[in-house]
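Novice: Quick one: structure below, then a few questions.
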């Protein structure tokens with residue numbers, strides 16, 4: 001998708017009547033701001049806000065957006081972002097739906113944030129495909145769009161050229177996932193640090209739906225995670241993590257499920273793969289060294305894990321994101 005080149009990847013954000021401004025802010029924050037701290041020769045993306053009218057009232061009329069481009073700007077975008085809005089049952093305007101269909105038909109990548117997936121489904125883009133939406137609207141979505149393979153429990157779904165985020169905050173997770181996919185783990189981590197946001201929450205994590213508050217809240221996993229991240233190259237086991245946290249393995253599993261929506265082993269593997277990506281991006285070419293330093297053990301396991309996480313072999317990942325691309329990376 002977006003490549004490191006002299007021509008930035010073009011992102012269009014459709015701002016319709018009633019659009020949630022938080023998600024517009026997520027799109028502009030992630031894709032539109034300059035990143036001088038990265039030391040890159042130019043911006044990562046070129047962002048344009050598009051509206052179906054010269055003035056659009058958003059978020060129950062709290063804001064009025066004017067001075068934006070028209071929907072014709074969508075036709076020049078490489079990626080189209082469709083934020084959500086509160087009135088999901090009301091049909092979208094024909095010009096907005098037509099713009100979404102045109103973008104998809106010519107091969108643009110389509111992202112929806114929160115209930116923006118309703119617009120994609122209404123445009124006919126999601127029939128037979130995997131997608132997600134905010135858990136509060138899952139049942140309404142199923143009733144309106146029964147042909148969509150809805151996955152209501154996850155943070156986001158990457159279905160190739162169409163990616164859907166479950167909620168407003170999950171839009172940040174999806175956006176960082178796109179940055180990682182486009183520009184590598186090092187760039188995505190640098191942006192997440194500037195946002196003071198978790199660098200990587202896997203899309204398969206569960207949404208934080210309403211549940212009874214436990215009488216005795218679990219302690220934060222933060223100290224344990226920080227401790228483990230400093231020792232990824234060591235042969236850590238779930239039993240060792242549990243011992244460090246002074247709990248049983250079963251209790252540790254329960255805390256990981258409750259607080260992170262994943263298992264200790266899955267989290268540990270994800271962190272090791274992310275570290276392996278950073279090592280490759282920083283120029284380490286010896287796969288056995290990358291595998292050892294990241295805790296993945298063998299070059300064969302590194303290849304398998306990296307391909308599963310990124311769809312790329314180590315050599316292909318290096319060609320796409322390594323120093324040979326000619327751009328400086330964060331220290």
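The values are calculated or read from the model by the stated rules, or taken from the named source; none is laboratory data. Given the structure is predicted, the values throughout are model-derived calculations rather than measurements. Glycine gets a Cβ as well: all are built from the backbone with ideal geometry, and neighbour counts include every protein chain shown.
Novice: Looking at 291, 304, 300, 274, can you tell me which residue is over 24 Å from residue 42 (Cβ atoms), part of a helix (DSSP H, G or I) and modelled with pLDDT under 90? Let's see the steps before the verdict.
Specialist: Values: 291 fails: modelled with pLDDT under 90; 304 fails: modelled with pLDDT under 90; 300 fails: modelled with pLDDT under 90.
Unique residue meeting the criteria: 274.
Novice: Quick one: what pairs do we get from region 11-25, first residue without any contact (Cβ under 8 Å) to a residue 60 or more places away in the chain, second surrounded by fewer than 22 Cβ atoms within 10 Å (Cβ to Cβ), C-beta under 7 Å, 6+ apart or different chains?
Specialist: 21/58; 21/59; 21/63
Novice: Take the conditions in contact with a strand residue (DSSP E or B) (Cβ under 7 Å, 6 or more places away or on another chain), surrounded by 19 or more Cβ atoms within 10 Å (Cβ to Cβ), assigned by TED's automatic domain parsing to the domain that holds residue 169 and modelled with pLDDT of 90 or more and apply them to residue 30. Does it pass? Give the derivation first.
Specialist: Numbers: in contact with a strand residue (DSSP E or B) (Cβ under 7 Å, 6 or more places away or on another chain): no; surrounded by 19 or more Cβ atoms within 10 Å (Cβ to Cβ): yes; assigned by TED's automatic domain parsing to the domain that holds residue 169: yes; modelled with pLDDT of 90 or more: yes.
No; evaluated as a whole, the condition is false for this residue.
Novice: Applying the selection to region 157-190, what residues are modelled with pLDDT of 85 or more, part of a helix (DSSP H, G or I) and over 12 Å from the mean Cα position of the chain (by Cα)?
Specialist: 183, 187
Novice: Output the residues belonging to region 25-53 that are within 20 Å of residue 91 (Cα to Cα) and either assigned to a loop (DSSP other than H, G, I, E, B) or out of contact with any helix residue (DSSP H, G or I) (no Cβ under 7 Å at 6 or more places or on another chain) (or both). Break it down stepwise before answering.
Specialist: Just the residues of region 25-53 that are within 20 Å of residue 91 (Cα to Cα), to begin with: 50-53.
Result: 51, 52, 53.
Novice: Right, another one. Just one of 42, 18, 61 is surrounded by fewer than 15 Cβ atoms within 10 Å (Cβ to Cβ) and on the phi > 0 side of the Ramachandran plot; which is it? Spell out how you get there, then give the answer.
Specialist: Details: 42 fails: on the phi > 0 side of the Ramachandran plot; 18 fails: surrounded by fewer than 15 Cβ atoms within 10 Å (Cβ to Cβ).
Just a single option satisfies the conditions, and that option is 61.
Novice: For residue 127, indicate whether it is within 23 Å of the chain's Cα centre (by Cα) and part of a loop (DSSP other than H, G, I, E, B).
Specialist: Values: within 23 Å of the chain's Cα centre (by Cα): yes; part of a loop (DSSP other than H, G, I, E, B): yes.
In short, yes.
Novice: While we're looking at this one, here's another question. If you scan region 70-107, which residues turn out to be farther than 15 Å from residue 48 by Cβ, part of a helix (DSSP H, G or I) and more than 25 Å from the chain's Cα centre (by Cα)?
Specialist: 94, 95, 98
Novice: Restricting region 54-69 to residues that are touching a helix residue (DSSP H, G or I) at 6+ places or on another chain (Cβ under 8 Å) and assigned to a loop (DSSP other than H, G, I, E, B), which is modelled with the lowest pLDDT?
Specialist: 59
Novice: Okay, next question. If you take the residues in region 203-231 that are part of a loop (DSSP other than H, G, I, E, B), modelled with pLDDT of 50 or more and touching a helix residue (DSSP H, G or I) at 6+ places or on another chain (Cβ under 9 Å), which one is nearest to residue 256 (Cα to Cα)?
Specialist: If we filter region 203-231 for residues that are part of a loop (DSSP other than H, G, I, E, B), which is where we start, we get 203-205, 207-221, 230-231.
Those left that are additionally modelled with pLDDT of 50 or more: 219-221, 230-231.
Now drop any that are not touching a helix residue (DSSP H, G or I) at 6+ places or on another chain (Cβ under 9 Å), which leaves 219-221.
Working: 219: 11, 220: 10, 221: 8 Å.
Here the residue is 221.
Novice: Sort out which residues of region 265-299 are buried (at least 16 other Cβ atoms within 10 Å of the Cβ) and more than 30 Å from residue 249 (Cβ to Cβ), and write them in order of number.
Specialist: Correct list: 280, 281, 284, 287.
Novice: Checking residue 314 against (1) at pLDDT 90 or above; (2) over 27 Å from residue 44 (Cβ atoms), which test does it fail?
Specialist: The single condition residue 314 does not satisfy is (2).
Novice: Right, here's the next one. Any idea which residue in region 232-260 is surrounded by the most Cβ atoms within 10 Å (Cβ to Cβ), counting only those that are outside any helix (DSSP H, G or I) and without any contact (Cβ under 8 Å) to a residue 60 or more places away in the chain? Break it down stepwise before answering.
Specialist: The first filter runs over region 232-260 and keeps only residues outside any helix (DSSP H, G or I), leaving 232-237, 246-248.
Filter once more, so that each one left must be without any contact (Cβ under 8 Å) to a residue 60 or more places away in the chain: 236-237, 246-248.
Details: 236: 19, 237: 13, 246: 10, 247: 17, 248: 12.
Only one residue tops the list, namely 236.
Novice: Could you tell me whether residue 136 is out of contact with any helix residue (DSSP H, G or I) (no Cβ under 9 Å at 6 or more places or on another chain) and either in contact (Cβ under 8 Å) with a residue 24 or more places away in the chain or assigned to a helix (DSSP H, G or I) (or both)?
Specialist: Details: out of contact with any helix residue (DSSP H, G or I) (no Cβ under 9 Å at 6 or more places or on another chain): yes; either in contact (Cβ under 8 Å) with a residue 24 or more places away in the chain or assigned to a helix (DSSP H, G or I) (or both): yes.
Yes.
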